[in-house]
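Below is one structure; the comments refer to it alone.
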Amino acid sequence: MIFEEGRLSNGLRVATDRIPSVQSVTLGILIEAGSRDDPEGREGLAHFVEHAVFKGTGRRSYLDIARNIEKNGGYLDAYTTKEHICIYLRCLTRHLETSFDLLADLASNPVFPPEEIEKEKEVVIEEISSVNDTPEEIVFEEFDLRSFPRHPLGQQILGTEESVENISVDDLNRFMRHHFVPEKMIITATGDVQHHEILRLSERFLGELRAAPADAAVRIPFTAKDYRPFQKSLKKRISQSQIVLGTAIPRHDPLHYSLMVLNSMLGNGMSSLLNLELREKRGLAYTAYSSLSFLEDLTALNIYTGTDMAKTETTLKLIGELLHSSALCNPDPEEIETAKSKLLGSHIMGMEKMTRRMSHMAGDLSYFGHHISPEETAAAIDAVTPNEVARAASLILHEAPISTLVHKPSR
């Protein structure tokens, strides 16, 4: 791996990760705007923009876009999170220039044909319906809404049917002017690339991008008071109880890797505490896991499981006992080593996937402000001690109260 980083005169960041052994390039444009940047009443706007840029540009129709990338043997995709939109592609090295042109066109020159936008609203509403048919998705979305009731972090990434219907072409263009700007964009390329070539193409196709206007929307920061702890149980038309517990604290970089090891030990994999206690030892659940989210200004921990309604209270009691047990407050060094090995394996094998590598590089530049190599990440994970994991557990589990949301079958 040969990592290089640069910046265009307009402020756009460019980073490359050269891997000479492959014959392809994975190219992405990360925009530092996501669902937490959606204006009130237009929830789902960032995600809709991600869809809408594919509907045509000043130079290409939707069909042109699809044929251009596939004729070159590549593929094109995008995703939206609470804080980012990423549009990316993978192509053979010999098609890099034409593929870069296509990707830059989507990010800088979409035209949002009104008739196509109306059709795409129906597509997104179908996507929302698909989520609403998934009990696990529903309970997580409601958990966020209740955890951050007066903050954009609680907004659903897809929005609601009503908010999507309210989105106009003017909303799309305004979002582009405010967020698809060089100071909020990061170009990352990994694979068979030369840094000077990616810089040249970036300057050629995106060097004229203008900065955001003076009245551009500003992201609302998170503070500890924006998290509202709660305990709630509701009846739903489902087959088993859906349980989510979680908490959120302000960002705390010194324990970043310790929190990752803690999460690995708690709810990641077959040997995790949650899986062993709830599934293997007691047969209470098919799925039990924890997840950790690192956002610009907060860290959130969530625990999920599903169980028979009659076993709900037992399951909740066991999770509560586990969160206050010596297994987390005074962790076994051997368990820590296993958790670290799981993390290291997942990270190293993940970096063998080009799309993951590109996305990870962009995420580092956005979150930390600089690139962290796979070797540096591995060393940081390996250096975590049991005492640091205990401190991380105390921080994430005791600094703010744990919230609980249970969706029970209505039968």
For this session: Could you please let me know if Thr287 is surrounded by fewer than 21 Cβ atoms within 10 Å (Cβ to Cβ), in contact with a Ser or Thr (Cβ under 8 Å, 6 or more places away or on another chain) and β-branched (Val, Ile, Thr)?
Result: yes
Seminar exercise, completed: If we keep only residues of the stretch 134-193 that are in a helix (DSSP H, G or I) and among the β-branched types (Val, Ile, Thr), then the residue farthest from the chain's Cα centre (by Cα) is Val169
For this session: Considering only the stretch 249-269, state which residues are of a type in the set (A, V, I, L, M) and modelled with pLDDT under 95.
Result: Ile249, Leu255
Problem set entry | Only one of Leu103, Leu96, Leu27 that is closer than 28 Å to Phe368 by Cα, touching a residue at least 24 places away in the same chain (Cβ under 8 Å), part of a helix (DSSP H, G or I) and over 17 Å from the mean Cα position of the chain (by Cα) | Leu103
Exercise. Among the residues of the stretch 345-364, is there at least one that is without any contact (Cβ under 8 Å) to a residue 12 or more places away in the chain, of a type in the set (D, E, K, R) and crowded, with 17+ Cβ neighbours inside 10 Å?
Worked result: yes
Problem set entry | Pairs with Cβ under 7 Å, 6+ apart, first in the stretch 148-172 and on the phi < 0 side of the Ramachandran plot, second among the aromatic types (Phe, Trp, Tyr) and in a helix (DSSP H, G or I) | Val164/Phe48; Ile167/Phe48
Seminar exercise, completed: Scanning the stretch 367-402 residue by residue, those in contact with a strand residue (DSSP E or B) (Cβ under 6 Å, 6 or more places away or on another chain) and of a type outside the set (A, V, I, L, M) turn out to be His371, Glu399
For this session: Would you check if Ala392 is more than 18 Å from Gly28 (Cα to Cα), touching a residue at least 60 places away in the same chain (Cβ under 8 Å), surrounded by fewer than 17 Cβ atoms within 10 Å (Cβ to Cβ) and of a type in the set (A, V, I, L, M, F, W, C)?
Result: no
For this session: Please work out if Ser21 is among the polar types (S, T, N, Q) and within 26 Å of Val193 (Cα to Cα).
Result: yes
Exercise. For the stretch 120-134, does any single residue satisfy the condition of being more than 21 Å from Asp170 (Cβ to Cβ), in contact with a Gly (Cβ under 8 Å, 6 or more places away or on another chain) and not aromatic (Phe, Trp, Tyr)?
Worked result: yes
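The values are calculated or read from the model by the stated rules, or taken from the named source; none is laboratory data. These numbers were taken from a predicted model, which means no experiment stands behind them. Neighbour counts run over all protein chains shown; Cβ positions are idealised from the backbone, glycine included.
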